Amino acid sequence: MATVSYIPNDPLASGGPPIQQVRASRQPSKSAGFDIQPAAEPGIYPAQTPEFGFWQVQEALIKGLKVWRDADGAYPEAWFGGQRRLRVLTDAGDDLNAFYDRRSLQFFHHTFDGQRVHSSESVDVAVHEEGHALLDMLRPDFFDVPFIEVGALHESFGDCIAILAALSDRAIRESLVADSPDLSAKHFVQAMAEQLGDAIRREYGDAAVEDGALRNASNTFSWSDPTMLPPGGPATVLSGEVHSFSRVFTGAFYDALRNMYLNTGNRSAVSLNRAARTLGKLLISGVRSVPATPRTFEGVGRRMVEADVAGNGGANAAAIRTAFAAHGMTLPAPAIEMPVPLKRRTRGGAAAELREELEVPSGTRLQYTPVSSDIHGEVTHVAAFRPMQLTEGELTGVRLLVPAVAEVRTRGRSVTGVIGEIRPADQQIENEGRAFARALLANGDIRTVPGTAAGAAEPPRRRTRGARPGGTQAGVVGPTPPRPAFAPFPPTHEIRVIGGEPTLTRVGFSGRRR
Ligand SMILES: [Zn+2]
């Protein structure tokens, strides 16, 4: 059997397993998969080579697929847009980052002080990016929702899946339980992307990353309204930047894991495995059913508790609620919301009624994202976007599309009822959109900032990677300004002409903040 070299967690994981030889894994044939480039034959390769990079990423992504299968019951069938295979570039250029853009996962390298760092060599980073792809497959409606918490949930989800991937390795669980029986120590499993964090610290200074890692899941960050937070700032404080704010949810997730594990009363690697697998199921159940409203963290937490009540008799409800409370989020008591029937049952009649309740013009396109929920059965998330004008600095004259959302119960093609509240794109939604845009601007996360709306309407000058939006004149517009030294690459957003208007649009998700 072919053997390859593999680093099981992160090249700089403190106390983590060193590079070792493992049996070369094959991508599961029943799963949507990855086309990793450049490819390499199995073999023992030294780190920092393209051949090593191939097998390192292959092993990491397979781990992530298995986490998904264990949590969701089956491998993913297709990525966003029905793609059976997602391209993976193990070395897409010079930067300290990684990226998901709906068509590919991209990893970057950087050399400093004669040392070279490849973000593809960290299982944390590879699985984090895979997490974006998995969440985008499950909830494509999240992609363009311009709320800090929705973006931060995407970032946190990647880190949560990376933690579960680490815990799916028996040797890692055993070493963790031996080192920190109550999981309270700052160990390498809760530390995300240590090597990338170290490189970013050397390049950009101490304020750019947390102590000892890019991010720590074992943290004390407490929720506060992200629209009121500074749009950016040092890693030690919470800001409206999505990676920064993601740490609140990841902290609650990690504490839930610890509480559930400690509740078993048996501090063993076996108990830890059971807690991690149960929590993975609850997390996916929560993100599946949560509507894309501004308060998604609490929304997911509440649905995790509901899923636990429905599936486990509520055995973990207190553990989850305590964990969220420790991060400033009070979860309401679990309650199953019964669907409220619509007056008009046909798809067309229901759509007209939904548009009225969503308070959008009659021609507005309704975007349907069907999901099946453990609790509610066949459920579809409905979103209707409407434009608002940004007035934030250089974004003045640029449009932002903000969603009104509803969650509906479906049977076949007919909508049979509405679950919970219908959320029109009101003033609060606009405030959320503005705060999100301010954070993007402050963090250099927008590829092109045109001087004026008129300037933005020039024809595209540069093609980009990434999925095209639905607009007819989509493309990058205006001159591309020099990239600020601190800005991560590629930027997550750009200005595209959609419907004849310059519009702030997401390109993808990156692995880190500035
Ligand atoms: Zn990310």
Residue by residue through the range 1-58, note down the ones that are part of a loop (DSSP other than H, G, I, E, B), farther than 23 Å from H132 by Cβ and hydroxyl-bearing (S, T, Y). S14, S29, Y45, T49
Single residue of S184, S239 found to be surrounded by fewer than 23 Cβ atoms within 10 Å (Cβ to Cβ), within 16 Å of the ligand (Cβ to nearest atom) and part of a loop (DSSP other than H, G, I, E, B): S239
The range 248-274: number of residues that are buried (at least 23 other Cβ atoms within 10 Å of the Cβ), under 17 Å from T322 (Cα atoms) and either among the aliphatic types (A, V, I, L, M) or within 16 Å of the ligand (Cβ to nearest atom) (or both): 8
Could you say whether any residue in the range 146-155 is under 22 Å from Y75 (Cβ atoms), within 12 Å of the ligand (Cβ to nearest atom), part of a helix (DSSP H, G or I) and not basic (K, R)? yes
I need every pair where a residue in the range 248-263 that is under 22 Å from R295 (Cα atoms) has its Cβ under 7 Å from the Cβ of a residue that is among the acidic types (D, E), sequence separation at least 6 or different chains. T250/D159
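Restricting attention to the range 164-181, report how many residues are assigned to a helix (DSSP H, G or I) and surrounded by fewer than 24 Cβ atoms within 10 Å (Cβ to Cβ).
Taking the range 164-181 and keeping what is assigned to a helix (DSSP H, G or I), we get 164-167, 170-179.
Within this subset, residues satisfying the condition of being surrounded by fewer than 24 Cβ atoms within 10 Å (Cβ to Cβ) are 167, 170-179.
Final tally of qualifying residues: 11.
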Condition set surrounded by 24 or more Cβ atoms within 10 Å (Cβ to Cβ) and outside any loop (DSSP other than H, G, I, E, B), scope the range 87-113, selection farthest from the ligand (Cβ to nearest atom): answer is V88
Could you please let me know if G286 is at positive phi, out of contact with any Leu (no Cβ under 9 Å at 6 or more places or on another chain) and at pLDDT 95 or above? no
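The values are calculated or read from the model by the stated rules, or taken from the named source; none is laboratory data. Keep in mind that what you see is a predicted model, and the values were worked out from it rather than measured. In this analysis, Cβ positions are derived from the backbone assuming ideal geometry, glycine residues included, and neighbour counts consider all displayed protein chains.
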